[in-house]
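Before any comments, here is the structure.
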Amino acid sequence: MTFDKLDLVEPILNALKHEGYTQPTPIQEISIPIVLKGQDLLGCAQTGTGKTAAFAIPILQLLHLNKGNDRAPRKIKALIVTPTRELAIQIGESFAAYGRFMNLRHTVVFGGVPQSQQVGALKMGVDILIATPGRLLDLINQGYVKIGEISIFVLDEADRMLDMGFIHDVKKLIKIIPAKRQSLFFSATMPESIRVLASTILTNPEEVQVTPASTTAETVEQEMYFVDAANKKDLLIHLLKDKTIATALVFTRTKHGADKVQRMLEKAKIKAEAIHGNKSQNARQNALRNFKDKTTRVLVATDIAARGIDIDNLNLVINYEIPNIPETYVHRIGRTGRAGLEGKAVSFCDVEEFDYLRDIQKLISIEIPVITDHPFPAEHLPVPGAKKVKGKSPGAKAGARGGSGNGQGSRPGLGSGTASGRNAGNGSGRGTTPVAKRPESGESQIPKPTRPQSSRPPMSHTPKTDGAPKKYWGK
């Protein structure tokens with residue numbers, strides 16, 4: 001399938017060629033015809049699947065074909081609401097790219113900066129408005145945003161919108177936008193709370209789901225390193241000594257943690273910048289620009305920025321701290337392996353984060369391969385179901401966990417050792433808790449993650465029943 005088979009107008013096809021795109025992703029292939037027919041859409045797609053183009057391209061075509069007198073004042077016809085300013089800017093860039101050969105005007109409004117420039121753009125007239133909820137409602141209340149002519153409404157990243165506490169702003173917005181409209185609703189995950197919200201926005205929607213809810217992209221290679229918290233900084237520097245890593249995106253749980261990691265990397269002569277909610281908008285945009293053009297090698301970010309970072313060919317994401325919300329893991333590693341490209345996600349797990357890891361693996365139905373061949377293995381890490389035994393250290397007693405050789409031998413897993421008698425014998429020794437077997441060759445040969453086979457037929461269609469939305473499934 002190519003874009004020219006999707007009944008797109010010439011200006012959009014030319015713009016896609018200019019961007020180097022010839023084949024649509026699964027969500028684009030399914031969603032674009034639905035939106036062009038004027039139907040409501042409920043889309044479940046994780047980041048990196050080409051979701052933005054799936055709604056931007058048909059919106060541009062619909063507005064282009066229905067455009068009236070060019071001399072008439074421009075009125076907002078399409079409204080796209082998204083949770084973060086970074087994501088709003090990225091969506092704006094997509095509309096600029098795909099609509100470069102059309103006489104349509106868009107602008108982006110978000111908080112954290114003075115509103116004067118945004119108000120100026122609105123006064124000049126726009127056809128498409130991309131906005132974050134808070135600033136949008138402020139500008140509506142001040143009379144700068146007129147929403148009476150809106151014919152297309154998009155709620156993007158709905159699950160993140162709820163996570164960030166925007167549910168009340170969204171509900172206020174739904175009450176004041178025109179009831180007669182086409183609505184598009186996108187979410188990376190689809191729990192019951194999201195479906196309830198969608199039911200208040202959509203009318204007889206078509207449902208598109210290109211991946212099962214809460215799965216990670218198959219193109220992302222995932223690895224887990226068990227390491228004590230005090231040694232994470234040393235492991236990070238150790239990994240970044242690999243000069244083949246052109247850029248890396250590092251995630252922390254807190255703003256303070258992001259700044260701390262950034263200072264630590266700079267001290268180690270690794271060019272790094274941090275991005276989080278306490279940074280000014282200009283500082284955040286400068287950091288993103290430097291990262292994109294590879295002036296900065298490492299970008300350290302908090303989860304608030306996870307969905308707003310869209311970097312071409314980013315091949316490494318590092319979870320310096322395991323997220324305490326399982327879905328956040330999916331969103332974080334979705335920054336790499338985008339649009340079918342290969343990527344890698346590395347996570348550091350200490351003893352306090354083991355429960356978080358367990359919840360993540362339960363959510364994604366994958367046991368993340370453990371890398372044991374590194375210089376900073378964790379000393380003490382619990383293993384679910386393992387019995388505690390008395391000894392000099394966990395794993396020291398023979399028999400309880402397979403035994404260990406004389407001297408400093410250890411079982412494969414977290415520990416390391418060079419003494420003879422590994423994996424055999426009854427002698428005492430400094431052992432560690434086993435987690436994953438190391439191949440006898442000494443070379444780490446971690447298997448690729450496997451995922452359960454889906455019983456859903458690819459790209460099939462389930463007819464509506466009892467008013468339920470149609471469903472389209474894709475790989």
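Observations, loosely collected:
- Residues that are under 17 Å from Thr252 (Cβ atoms) and either part of a helix (DSSP H, G or I) or at pLDDT below 90 (or both) within segment 337-362 comprise Glu352, Glu353, Tyr356, Leu357, Ile360, listed in sequence order.
- Of the residues Ile140, Ile152, the single one that is crowded, with 20+ Cβ neighbours inside 10 Å and within 29 Å of Ile194 (Cα to Cα) is Ile152.
- Scanning segment 316-329 for residues being over 16 Å from Met164 (Cβ atoms) and either free of Cβ contacts under 8 Å to residues at least 12 places away in the same chain or hydrophobic (A, V, I, L, M, F, W, C) (or both) gives a total of 4.
- Scanning segment 330-349 for residues being among the small types (Gly, Ala, Ser) and over 13 Å from the mean Cα position of the chain (by Cα) gives a total of 2.
- Positions within segment 256-281 being touching a residue at least 40 places away in the same chain (Cβ under 8 Å) and either outside the structural domain of Arg338 (by TED's automatic domain parsing) or surrounded by fewer than 16 Cβ atoms within 10 Å (Cβ to Cβ) (or both), in sequence order: Ser280, Gln281
- Residue list for segment 36-90, filter: polar (S, T, N, Q) and surrounded by fewer than 17 Cβ atoms within 10 Å (Cβ to Cβ): Asn66, Asn69
- Which numbered condition Arg253 misses (of (1) in contact (Cβ under 8 Å) with a residue 60 or more places away in the chain; (2) assigned to a strand (DSSP E or B); (3) not small (Gly, Ala, Ser)): (2)
- Against the list (1) modelled with pLDDT under 95; (2) closer than 16 Å to Phe95 by Cα; (3) not polar (S, T, N, Q), the condition Cys44 fails is (2).
- Of the helices (runs of 4 or more DSSP H) lying entirely inside segment 82-147, those containing at least 2 residues that are at pLDDT below 95, under 28 Å from the mean Cα position of the chain (by Cα) and of a type in the set (Asp, Glu) span 85-98.
- Filter result for Ile177 (in the same structural domain as Gln46 (by TED's automatic domain parsing) and in contact (Cβ under 8 Å) with a residue 40 or more places away in the chain): yes
- Residue among Lys233, Lys255 that is modelled with pLDDT under 95 and under 27 Å from Ile325 (Cβ atoms): Lys255
- When Pro133 is tested against (1) under 30 Å from Asn14 (Cα atoms); (2) crowded, with 23+ Cβ neighbours inside 10 Å; (3) of a type outside the set (Gly, Ala, Ser), exactly one condition is not met: (1).
- Check on Glu206, out of contact with any Leu (no Cβ under 8 Å at 6 or more places or on another chain) and not assigned by TED's automatic domain parsing to the domain that holds Ala287: no
The values are calculated or read from the model by the stated rules, or taken from the named source; none is laboratory data. Everything numeric in this text was worked out from a predicted model, so none of it was measured. Positions of Cβ are generated from backbone atoms using ideal geometry, with glycine treated the same way; all protein chains shown enter the neighbour counts.
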